[in-house]
Structure formats: C-alpha cells, structure tokens
Amino acid sequence: MIVLRALGALLSYPREDLRLALPEIAQAIRASALIAARERDGLMVLINELASRDLLAAEERYVELFDRGRATSLNLFEHLHGESRDRGDAMVELKRRYERAGFELATRELPDHLPVVLEYLSCREVAEAHDMLLDCAHLLKRIGAALIARGSSYAAVLQALLVIAGETPLDPAAVPRAVDREENSDRDWFEQPAFEAEPLVGGTRAGRSPIPRR
C-alpha cells in the first residue's frame, strides 16, 4: 500500500523536499495495480505541475485551496463536525486507533488530516485500508467535487482514492463550476465520527461502521 503514502505526499504542503521526491512518487503510482489508467493520467498532470511550477506559486495555490476554504479542507472531521466539541472527541478516538496499532503522531498536523490518515493506512493491511477509505468515501467525494469545481488538478488524488476504495470516481462534467461566493457548509456536517473506533479483527470489522455510506 505504499501508493497511499505517495498519494498522501501529493496532498502535503509543496515544499522543496516534496519536489525532490516527485520522481519516486511518480514511480510508485505507475507501479501500482490499484491505480486505474485514467486516474494515473490525472496524477501525472498534478506531478508535472508540481515539478514545473514556481515553488512560491505552488505554495500560494496550496494555501488558497486547502487552508482558506472549508469545502476543500483536508481535515476530514471538519466536514463532519465543524468546530464543535464532537470534532475533538472524534480526533481523540482516531489518535487512539493509531496508538493501538503502534503508531504515534510525529507531526503537528491533526490526526484527521488526510495525508496523515493515508500515511497510517500505507502501513496497514489492504483490508483495513480499503475499509477505512470506504467509510470515508462520502467525504472524499465532497472534497473531490469541491476541487473539480475549482478546476484543480489536486482532484486526481481524491479520484484515485475513490477507485482504491471500490467507489466510482466523480464525473467532472456533472460537477458545477465554483462561483465566487461565501460557502456555508454547516448543513452538510454530520454527527458521526469518520472512522470506527473498534480495531479490525482478522481483516473484518469488529463492529458496524458509524459512517453512513451514500
């Protein structure tokens, strides 16, 4: 599942070390049987943009996309709970899941930050990674649609994750283009935690997932 770490890296802040790692990331994506041809092509477009674009411009684009808008936030629980106390409780549960698996966060990013989740899943069994991504599929679709609406090549990462989860990727032609307006996503938040708290047992779920699938 090293390809999940590669996809998570593409969603990370575009520092110089990411640019230096792009050939290795591209190789991991090309070698993965989990990435379909159409999604692979989209990922190569993103990789080429990151490799060729001025670093400062890439950083500014990243901040504009992911740090200044709720619809494209990579913090998964923000789409579910906003800034409510439930979000903090859900992150505690997710952090405990990491710890039960023997992982400790070594970053200042939040536990629900999508690149962090993908790095964790890259070290887990295929069944767990698939199930966790499937639980998050409606969030991946929401973020992916927001990126498509903005004409962002970062949407290719979300499309690839949907395919890995066994979901149909989004149809870009069916996504309305974004308009300049204030976005209010309060009505789209849900109360359920994004990941089940119970560990997987023998590659199957110990309990029913709290995520409503759509």
The range 95-146: equivalent-ellipsoid semi-axes (sqrt of 5 x gyration tensor eigenvalues, Cα, Å): 20, 15, 8
Apply 1/(1 + (r/R0)^6) to the Cβ-Cβ distance of Glu93 and Ser52, taking R0 = 41 Å, and write down the FRET efficiency to the nearest 0.05. 0.50
Counting Lys and Arg as +1 and Asp and Glu as -1, what is the net charge of the other residues whose Cβ lies under 14 Å from the Cβ of Pro14? -4
Among 144-157, 64-77, how do they line up by average Cβ neighbours within 10 Å per residue, starting with the highest? 144-157, 64-77
Just how many % of Cα pairs in the range 49-148 lie over 24 Å apart, if you round to the nearest whole percent? 29 percent
Here the gain from full extension of Leu20 to Ala33, 0.36 nm per residue of separation minus their alpha-carbon distance, amounts to 2.3 nm
Calculated from backbone phi, Karplus (6.51, -1.76, 1.60) coupling profile of the range 26-34 in Hz, x at Gly/Pro: 4, 5, 5, 5, 5, 7, 7, 6, 7
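I'd like to check one number: the per residue accessible area of the range 1-91, probe 1.4 Å, reported in Å² as a whole number. Intermediate results must be reported in sequence, preceding the final value.
Numbers: 4550 Å² over 91 residues.
Here the residues of the range 1-91 average 50 Å² of exposed surface.
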Regarding the range 42-105, what is the average projected area of its C-alpha convex hull, in nm²? 6.3 nm²
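The values are calculated or read from the model by the stated rules, or taken from the named source; none is laboratory data. Treat the numbers as computed from the prediction; the structure is a model and nothing was measured. Don't worry about glycine lacking a Cβ; one is built from the backbone with ideal geometry, like all the others, and counts go over all protein chains shown. SASA here: full protein model, heavy atoms, side chains in, ligands and nucleic acids out. Shrake-Rupley method; radii C 1.70, N 1.55, O 1.52, S 1.80 Å.
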